[in-house]
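These notes concern the structure reproduced below.
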């Protein structure tokens, strides 16, 4: 049975179609979940795609985290089921406290939209379990607030528990420790700034995102 | 009673502030010299119905900590202001 993946749509989300299309091409049964939906019945995994939820007013993710769907996402995650936040979705997960740290304005104060090289630095997450440790991937980034920041204790914890799943090879935004993506201790909640769905076809210039998306679907099947 | 409050949200010490740094670097070009430590932040004005100034301040601080600031990188201070 195909993995049933919910793609959450907030007002201002703009990457839901890309994410859904890429996941469907990998064999997922994708459905959209509106931000008012208080439950995630019948889903095996949830993706929070990129965009500008609620216009990024106040801070990216600051308003979205209070959406009805986010309580359901927190329950879903606490049950060990896969939750992935891409770009704005990563910001929402941090604001919601489902991942540590925060995403701050890029060091250069410029909006960055470019292919970026990242290295897989941990394979213990649902998004990287099918990748090779040290694997280099070229995946686009598209953000203004993508600099991952956290306090020293959190950073020590992320390193010690092998929770940094992706690192930039040439840090574009000032993220601490070159962090491009992290996971929680259980490995089922992942946030990343690069957009794997935009590297999902040769027509888009790279297929390097596929190993991440297929990892997610494999992780679903491994659970069932 | 109704109290007017001003909430200021600033980045915590030690958190890089590229906006403040950029503003600071621009100042000499405009002829402003000897200005240091520029930190950018946000300011909010709001009115609160409460029984006392303390209660108004507590409510404003609570909403500031929960929504207006992200405690991971920011801190919020509340001041009641004259109407």
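No value in this document is a laboratory result; all are computed from the given coordinates. These numbers come from a predicted model, not from an experiment. When we count neighbours, we look across all protein chains shown, and the Cβ atoms used for this are built from the backbone with ideal geometry, even at glycine.
Numerical summary
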quantity: Number of the condition not met by residue B:48 [criteria: (1) in contact with a helix residue (DSSP H, G or I) (Cβ under 9 Å, 6 or more places away or on another chain); (2) surrounded by 15 or more Cβ atoms within 10 Å (Cβ to Cβ); (3) within 10 Å of chain A (Cβ to nearest Cβ)]; calculated: (3)
quantity: Test: residue A:131 is away from chain B (no Cβ under 11 Å), touching a residue at least 40 places away in the same chain (Cβ under 8 Å) and in contact with a helix residue (DSSP H, G or I) (Cβ under 7 Å, 6 or more places away or on another chain); calculated: yes
quantity: Residue B:78 being surrounded by 17 or more Cβ atoms within 10 Å (Cβ to Cβ), touching a strand residue (DSSP E or B) at 6+ places or on another chain (Cβ under 6 Å) and within 14 Å of another protein chain (Cβ to nearest Cβ); calculated: no
quantity: Index of the failed condition, residue B:46 passing every other in (1) over 17 Å from the mean Cα position of the chain (by Cα); (2) under 23 Å from residue A:57 (Cβ atoms); (3) in contact (Cβ under 8 Å) with a residue 40 or more places away in the chain; calculated: (1)
quantity: Of all residues in segment A:25-60 being within 14 Å of chain B (Cβ to nearest Cβ) and outside any loop (DSSP other than H, G, I, E, B), the one that is surrounded by the fewest Cβ atoms within 10 Å (Cβ to Cβ); calculated: A:56
quantity: Selection within segment A:72-114 - within 12 Å of chain B (Cβ to nearest Cβ), in contact with a strand residue (DSSP E or B) (Cβ under 9 Å, 6 or more places away or on another chain) and either surrounded by fewer than 16 Cβ atoms within 10 Å (Cβ to Cβ) or in a strand (DSSP E or B) (or both); calculated: A:102, A:103, A:104
quantity: Number of positions in segment A:196-214 that are part of a helix (DSSP H, G or I) and touching a residue at least 60 places away in the same chain (Cβ under 8 Å); calculated: 9
quantity: Residue under evaluation residue B:61, criteria (1) more than 13 Å from every other protein chain (Cβ to nearest Cβ); (2) within 15 Å of the chain's Cα centre (by Cα); (3) surrounded by 11 or more Cβ atoms within 10 Å (Cβ to Cβ); (4) touching a residue at least 60 places away in the same chain (Cβ under 8 Å), criterion not met; calculated: (4)
quantity: Within segment A:121-178, strands (runs of 3 or more DSSP E) holding 3 or more residues that are under 18 Å from residue A:107 (Cα atoms); calculated: A:136-143, A:147-149
quantity: Residue list for segment A:199-214, filter: more than 13 Å from residue A:23 (Cβ to Cβ) and touching a helix residue (DSSP H, G or I) at 6+ places or on another chain (Cβ under 8 Å); calculated: A:199, A:204, A:205, A:206, A:207, A:208
quantity: Residues satisfying the stated conditions in segment A:61-70, i.e. surrounded by fewer than 18 Cβ atoms within 10 Å (Cβ to Cβ) and either within 11 Å of chain B (Cβ to nearest Cβ) or within 9 Å of residue A:145 (Cβ to Cβ) (or both); calculated: A:66
